[in-house]
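The block underneath contains the structure these notes are about, expressed in structure tokens.
The values are calculated or read from the model by the stated rules, or taken from the named source; none is laboratory data. The structure displayed is predicted, hence computed values, not measured ones. Note: ideal-geometry Cβ built from the backbone for every residue, glycine included; neighbour counts use all protein chains shown.
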Amino acid sequence: MKKIFAAFVLLALTSCQTGPKKEPLVQAPPKAQSELEQAQQDLSKNRKTSKKDAIAKLKSLVQTHPNSDVADSALMTLGRIYYTDKDYKMAYEYFVQVVQSPVVSPNEDQATLGAALSLTKLGRVDEALTMTDRGLKLSNLSQKVAHELHQLRFSLLKDTGDLSQALVSLSYLVSQEPDSSKRDLLETSGIPILHKIDLRGLRGLLMEPILDSYKSYCAYRVGLAELQAGRRSDAQDFFRESVRFKSDSPSGQQAQRYLEQFRAAREVDWRSIGVALPLSGRYEAVSQKVLNGLELGLGLFDDSSTPYKLSVRDSGVNSQTAANAVEDLVLKDHVIAITGSILSKTAPIIARKANEIGVPSVHLAQISSLTNEGPLVFQNSINSKALIQKLVSVAMDQMNLKKFAILFPNDAYGVEYANLFWDEVEKRGGKISAAQSYGSDETDFRDSIKRLVGTYYVEDRQVEYKRRLKNWNDQQKGSRKEVPEDLLPPIVDFDALFVADGPKTIGQVAPMLEYLGIGKLQLLGTNLWNTAEFVRRGQKNVEGAVFVDAAINFSDQLSRSQFFKHYVEVFGEEPGLFEAQGYETAQILKQLISRGADDREELAQALSRLGSFSTIGGSAVMNENHQIEKPILALTVKDGQITPL
């Protein structure tokens with residue numbers, strides 16, 4: 001990468017003025033000097049008549065002795081008078097005469113500042129900025145005026161959204177602040193501004209005279225963007241520049257950390273496969289299932305001489321712990337690849353971090369957009385998008401359903417599946433007639449369902465409600481009874497209801513539909529429904545419900561496989577999907593490495609070219625999005641049993 005960075009020379013903020021050469025000031029006669037002094041004395045008397053006389057005298061001196069030292073002083077005095085009186089238009093007219101004078105004025109820098117301030121008050125911001133730019137190029141610019149011009153520019157540029165140039169002025173102000181504590185506060189005030197600047201602006205700032213700490217931040221941010229785009233070499237160059245500009249800044253320290261990771265990443269142990277799993281808390285049991293499958297797949301229980309080993313780290317349930325797990329696996333264990341990653345919350349963090357460092361990762365989480373995190377990210381799971389595509393295909397093509405409603409929890413899982421379902425229905429020409437969310441801890445779904453069918457907000461159907469209320473009252477013949485809740489009938493403008501939640505929720509939603517008079521609805525769901533608990537909780541209300549899951553979770557292929565028998569022998573219990581996914585992933589990595597893919601780049605390429613292959617649950621294929629596609633089965637409940645549709 002070519003060197004594109006300019007050294008920060010603060011003196012570059014001022015340079016010699018360009019334009020026509022000005023002539024020296026003309027010396028006015030002594031009488032004119034005396035008249036100027038008299039006018040200034042009249043102004044100091046602070047009387048209206050004296051002020052009026054003084055202004056007239058000053059204007060006369062300007063007319064009588066143009067291009068003289070007296071006229072120059074008179075113009076400046078008039079500008080200040082009108083500015084103080086808030087007559088900014090007149091103030092500007094007198095200040096600008098000094099600025100545009102054909103003679104050299106010792107007051108030109110102050111006149112330029114006065115003109116810029118007057119233009120600002122008049123709301124002529126662009127002209128004010130042009131004036132400040134002109135002032136900063138003056139050869140006779142005093143430090144005091146330069147400071148005030150930069151203060152004005154910073155304020156104007158920040159307000160107009162030209163944040164890059166605002167930082168140039170702020171950098172000057174910081175550099176000129178003698179008090180260290182004030183200087184630190186002033187410098188810190190620029191950080192929020194930097195955060196608002198896009199990548200193009202940050203690249204441009206690297207060529208501007210700004211503080212080294214700001215340049216360090218810009219180089220670091222651009223380096224991150226290069227890294228995410230897969231241009232690791234360019235990213236390293238920018239990280240090095242970030243460190244060079246200011247190694248002890250937060251950005252410089254982060255850049256240094258990346259550089260250390262890159263150096264460590266060059267050391268690879270082809271025998272070591274990294275595992276990032278939430279090993280404690282509520283996900284401990286599931287993680288152990290995956291780990292068991294991985295160990296069995298690597299042959300750790302078959303042959304004590306096997307060269308392969310697992311390096312295991314706890315990825316926890318938060319972003320920082322997950323990122324730290326990846327760093328430890330790469331920097332300390334030097335793993336050739338990373339797998340595990342079962343949580344939708346932390347999988348993108350693990351994927352992004354591994355991709356940044358240059359390590360291929362194979363994830364078991366179902367999140368559909370995971371492989372978008374980078375070219376080194378792969379996925380061995382039935383992802384959410386594939387499940388929804390199958391579900392909608394069955395609903396619309398096989399069952400001829402066209403209009404749908406969605407009920408979903410307002411959490412990551414619910415929002416993702418609701419959006420995927422909505423997009424897929426519309427893509428196929430269907431319609432979403434209604435959608436309603438609820439809190440993830442909701443236990444009473446009455447109001448959510450009433451909102452879905454238009455019976456919650458009575459005011460939206462006021463005319464109909466009043467008519468039905470009158471009819472109901474007439475039928476009561478004077479007897480006093482409470483108005484029934486179901487006075488308004490539900491509006492069921494859809495063929496099926498998709499519920500993006502598990503058995504516990506559907507066990508409450510399904511009977512509530514009947515209770516609210518909605519009648520028998522076609523229920524659609526995800527693989528969360530493929531459990532005995534779903535049938536037990538839903539009972540007769542889930543008869544005919546349709547959902548989808550990986551074929552391996554329903555067929556007898558798993559129980560008839562050699563993996564199943566081996567797993568039972570080793571662990572004394574039957575394996576399920578998580579164990580099978582771990583086993584398959586370990587088998588894939590083991591086979592590719594043993595065939596010669598013994599560095600990270602070669603392993604990533606081999607994973608990309610994997611193509612079609614056999615798995616426990618049947619045939620599979622690595623698609624162009626780095627996702628392993630497996631058979632998906634549509635299921636239903638018939639006579640209290642889950643069965644293929």
Where residues in the stretch 560-583 are within 21 Å of Ala285 (Cα to Cα) and among the small types (Gly, Ala, Ser), which of them is nearest to the chain's Cα centre (by Cα)? Gly582
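The rows are residues; the columns are (1) under 23 Å from the mean Cα position of the chain (by Cα); (2) in a helix (DSSP H, G or I); (3) crowded, with 20+ Cβ neighbours inside 10 Å.
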site	(1), (2), (3)
Ala235	yes, yes, yes
Arg244	no, yes, no
Ser251	yes, yes, yes
Ala255	yes, yes, yes
Glu260	no, yes, no
Ala264	no, yes, no
Glu267	no, no, no
Ser272	no, no, no
For the stretch 361-398: of the residues being polar (S, T, N, Q) and part of a helix (DSSP H, G or I), which is surrounded by the fewest Cβ atoms within 10 Å (Cβ to Cβ)? Gln398
Based on what the data block shows, is Ile628 within 15 Å of Thr339 (Cβ to Cβ) and in a strand (DSSP E or B)? yes
Mind counting the residues in the stretch 509-529 that are surrounded by fewer than 19 Cβ atoms within 10 Å (Cβ to Cβ) and modelled with pLDDT of 90 or more? 1
Within the stretch 196-218, which residues are without any contact (Cβ under 8 Å) to a residue 40 or more places away in the chain and buried (at least 23 other Cβ atoms within 10 Å of the Cβ)? Ser216, Tyr217, Cys218
What pairs can you find where one residue is in the stretch 374-399 and at negative phi and modelled with pLDDT under 90, the other is among the β-branched types (Val, Ile, Thr) and part of a loop (DSSP other than H, G, I, E, B), and their Cβ atoms are less than 7 Å apart, with a gap of 6+ or different chains? Asn383/Ile367; Ser384/Ile367
Give the residue, chosen from Glu602, Glu569, Glu543, that is within 27 Å of Val392 (Cα to Cα), modelled with pLDDT of 90 or more and surrounded by fewer than 20 Cβ atoms within 10 Å (Cβ to Cβ). Glu543
Cβ contacts < 9 Å: first residue within 18 Å of Glu208 (Cα to Cα), restricted to the stretch 168-195; second residue loosely packed, with under 13 Cβ neighbours inside 10 Å and among the charged types (D, E, K, R), any location; separation 6+ or different chain. Result? Val174/Asp184
Among the residues in the stretch 276-285, are any in contact (Cβ under 8 Å) with a residue 40 or more places away in the chain and of a type in the set (S, T, N, Q)? no
Do we find that Ala586 is buried (at least 17 other Cβ atoms within 10 Å of the Cβ), under 23 Å from Asp302 (Cβ atoms), within 41 Å of the chain's Cα centre (by Cα) and of a type in the set (Gly, Ala, Ser) in this structure? yes
Which condition number does Glu356 fail, the rest of (1) under 19 Å from the mean Cα position of the chain (by Cα); (2) closer than 30 Å to Asp444 by Cβ; (3) crowded, with 22+ Cβ neighbours inside 10 Å being met? (2)
